1. Here's a check for you: in the range 17-36, which residue that is touching a Ser or Thr at 6+ places or on another chain (Cβ under 9 Å) and of a type in the set (G, A, S) is surrounded by the fewest Cβ atoms within 10 Å (Cβ to Cβ)?
2. Just for the range 43-72: of the residues that are of a type outside the set (A, V, I, L, M) and in contact with a helix residue (DSSP H, G or I) (Cβ under 7 Å, 6 or more places away or on another chain), which one is farthest from A93 (Cα to Cα)?
3. Is it the case that S14 is out of contact with any Ser or Thr (no Cβ under 6 Å at 6 or more places or on another chain), touching a residue at least 40 places away in the same chain (Cβ under 8 Å) and in a loop (DSSP other than H, G, I, E, B)?
4. Any chance the range 70-82 includes a residue that's within 21 Å of I3 (Cβ to Cβ) and either out of contact with any Phe, Trp or Tyr (no Cβ under 6 Å at 6 or more places or on another chain) or surrounded by 14 or more Cβ atoms within 10 Å (Cβ to Cβ) (or both)?
5. Being farther than 19 Å from Q46 by Cα and of a type in the set (G, A, S) is the filter here, so list the residues in the range 1-32 that pass it.
Amino acid sequence: MAIDASGEWWQGESAADLAEYLEELGAGGYQVGRVVEAACAGCGGQTFRLRADCEEGAVERSCIGCGQGVLMLDSEEHWSDVAPEAVVCSCGADVFDVAVGFSLRPDDSVRWVSVGVRCVADGVLGCCADWKIDYEPSRHLLATV
C-alpha cells in the first residue's frame, strides 16, 4: 500500500489505500475510527459506479459485476428528496473502489461518515460525500456500506 501525494491528486495503488486516505482526510474534521470497504452482497464484487448528492449526504452504489444497486448507509431514508449525480473521476472514468470512514463518539456510536473512492482507471483518491449522523442508535451504519 502506497499513496502518492506528489501530484495534483492523491493516487493509490489498490482499494486498501482508501483506509489510509480516509484516516488522513478525517470525517467532518473528526478522527476516523473505522474504515469499511464496500463489497457487493450479491456477487462479492468490489468495484462500483456511484450516484451521490454531496449536499444532502446520500450515495447509491451499483456493482460492476452484477448490477445490484445499494443505497449506502442511511441514504434510503431521504433518497426521494435528493438530486443524485453520477460520480466521475477527473480522468473521465466512472468505476471505483469504495470505502467508508466512520468517526465514532466515545460510546462507539457513529458521529460522521465519509464515502471514499479510488478510481480504478488511474488510482485517484477522493471523497464523493460525507455527512453528520445526528441520531441514535447509529452503530448499525457500520454494516450498511
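Quick note: the coordinates plus some simple rules give every number you see, no bench work behind them. Please read all numbers here as calculations on a predicted model, not as lab measurements. All Cβ positions, even for glycine, are placed from backbone atoms using ideal geometry, and neighbour counts span all protein chains on display.
1. Applying the filter and picking the extreme gives G29.
2. Ranking the candidates gives E56 first.
3. Values: out of contact with any Ser or Thr (no Cβ under 6 Å at 6 or more places or on another chain): yes; touching a residue at least 40 places away in the same chain (Cβ under 8 Å): yes; in a loop (DSSP other than H, G, I, E, B): yes.
Considered against the rule, which asks whether it is out of contact with any Ser or Thr (no Cβ under 6 Å at 6 or more places or on another chain), touching a residue at least 40 places away in the same chain (Cβ under 8 Å) and in a loop (DSSP other than H, G, I, E, B), S14 comes out as yes.
4. Just the residues of the range 70-82 that are within 21 Å of I3 (Cβ to Cβ), to begin with: none.
Scanning the range 70-82, I find no residue that is within 21 Å of I3 (Cβ to Cβ) and either out of contact with any Phe, Trp or Tyr (no Cβ under 6 Å at 6 or more places or on another chain) or surrounded by 14 or more Cβ atoms within 10 Å (Cβ to Cβ) (or both), so the answer is no.
5. Result: A2, A5, S6, G7, G26, A27, G28, G29.
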